[in-house]
Amino acid sequence: MAEEFWLSDRQWAVIEPHLPKNQPGARRVDDRRVISGIIHVLKSGCRWRDVPAVYGPPKTVYNRWHRWSQRRFWQGLFEALREVSPDDAHCIDSTTAKAHRSSA
């Protein structure tokens with residue numbers, strides 16, 4: 001698929017040390033694949049259940065995003081990435097623009 005997103009080796013080298021270790025429960029699937037799937041969904045805006053199969057089961061991709069969001073993992077990861085390259089521009093944007101149906 002041409003629209004797939006995969007973390008580069010350099011990006012993964014920065015992210016991997018910050019991943020949670022020794023979590024209880026079943027053995028986790030490939031973190032790099034699942035995180036790439038999460039980023040794909042967030043970048044493309046597709047539904048979680050429409051994530052391409054190369055990233056793993058959609059339920060796994062969503063559950064990982066949801067659980068790590070509750071633990072504020074993503075904020076900590078963003079801070080770590082910001083420290084690695086302080087000269088780059090960093091932002092997290094979740095703005096939306098809504099207009100009334102009669103505004104056109």
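Select from segment 30-59 the residues that are modelled with pLDDT under 90 and not in a helix (DSSP H, G or I) and write down the one among them that is surrounded by the fewest Cβ atoms within 10 Å (Cβ to Cβ).
Per the criteria, the residue is G45.
Hey, any hits in segment 67-88 for a residue that's polar (S, T, N, Q), surrounded by 13 or more Cβ atoms within 10 Å (Cβ to Cβ) and at pLDDT 75 or above? It would help to see each step written out before you state the result.
Within segment 67-88, the subset polar (S, T, N, Q) is 69-70, 75, 85.
Keeping just the survivors that are surrounded by 13 or more Cβ atoms within 10 Å (Cβ to Cβ) gives none.
There is no residue in segment 67-88 that is polar (S, T, N, Q), surrounded by 13 or more Cβ atoms within 10 Å (Cβ to Cβ) and at pLDDT 75 or above.
Contact list please: Cβ distance under 7 Å, first residue in segment 64-82 and without any contact (Cβ under 8 Å) to a residue 24 or more places away in the chain, second residue aliphatic (A, V, I, L, M) and not in a helix (DSSP H, G or I), pairs at least six apart or on different chains.
F78/I92
The values are calculated or read from the model by the stated rules, or taken from the named source; none is laboratory data. No experiment lies behind these values; they were computed from the predicted model shown. Please note: Cβ atoms are built from the backbone with ideal geometry, for glycine as well, and neighbour counts cover all protein chains shown.
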